[in-house]
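Contents: one structure, followed by commentary.
The values are calculated or read from the model by the stated rules, or taken from the named source; none is laboratory data. Keep in mind it's a predicted model, so treat the numbers as computed, not measured. Cβ: placed from backbone, ideal geometry, glycine included. Neighbour counts: every protein chain shown. Surface areas here come from the heavy atoms of the whole protein model, side chains and all, with no ligands, DNA or RNA. Shrake-Rupley method; radii C 1.70, N 1.55, O 1.52, S 1.80 Å.
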Amino acid sequence: FAHVMMLTSGTCPSLVFLDEVAAHVDRPGVQALYKMICELSRDRQVIVLSHDPDLLDLLSGYETIEVVMKNGLTTIRK
């Protein structure tokens, strides 16, 4: 992803947002995404938004913020 950004824009982003990147991806694909995220995070900030339990399990060792909605109220669970 970062390489494609560099080829198309001539710059490499220092911050990458990935929103539901694992949606409709099978388990082997999620594992490949995890490797990509790890590679991206070596030299830039990566923020991943996901509901995918497989990806969340793989990312469990990273800093996380869990957002929960209950009774129509959204809160951050630490």
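Report the antiparallel proportion of the DSSP beta bridges in the chain as a percent, rounded to a multiple of 5.
Working: 5 of 10 bridges.
Just about 50 percent of them are antiparallel.
By what distance, in whole Å, do the Cα atoms of the stretch 37-78 stretch along each of the three principal axes, largest value first?
Ordered largest first, the stretch 37-78 gives principal extents of 39, 20, 14 Å.
Defining a contact as two alpha carbons under 8 Å apart and six or more residues distant in sequence, what relative contact order in percent does the chain show?
Details: 73 pairs, mean separation 21.0, N = 78.
So the answer I get is 27 percent.
Given a Förster distance of 30 Å, report the FRET efficiency between S14 and S60 from their Cβ-Cβ distance, rounded to the nearest 0.05. Display every interim value, and only then the final one.
Details: r = 25 Å, r/R0 = 0.82.
Efficiency, rounded to the nearest 0.05: 0.75.
Given a 1.4 Å probe, how much area per residue of the chain is accessible, in Å²? List each step's numbers first, then the result.
Working: 6210 Å² over 78 residues.
That works out to 80 Å² per residue.
What is the percent carbon and sulfur in the accessible area of the chain, measuring with a 1.4 Å probe over the protein chains and ignoring ligands? Can you show the working numbers first?
Numbers: 3520 of 6210 Å².
About 57 percent, which is the carbon plus sulfur part of the accessible surface.
Roughly how many debye, to the nearest 20, is the charge dipole of the chain about its Cα centre, given +1 on each Lys and Arg Cβ, -1 on each Asp and Glu Cβ, and no other charges?
Numbers: 7 positive and 10 negative charges, 40 e Å.
Charge dipole of the chain: 200 debye, to the nearest 20.
For the chain, with the dipole built from +1 on Lys and Arg beta-carbon atoms and -1 on Asp and Glu ones, taken about the Cα centre, which of A22, L73, L55 lies farthest toward the positive end?
Result: L73.
Identify the residues of the stretch 5-39 with backbone N under 12 Å of a label point that sits 7 angstrom from the Cα of I47 along the Cα-to-Cβ direction, or state none.
Zone members listed by number: 15-19.
Just to verify a number: FRET efficiency for M69 and E39, C-beta to C-beta distance, R0 = 22 Å, to 0.05?
For M69 and E39, the calculated efficiency is 0.10.
Convex hull over the Cα atoms of the chain, averaged projected area in nm²? Kindly include the intermediate steps, with their values, before the conclusion.
Numbers: hull surface 25.6 nm².
Convex hull of Cα atoms, orientation-averaged projection: 6.4 nm².
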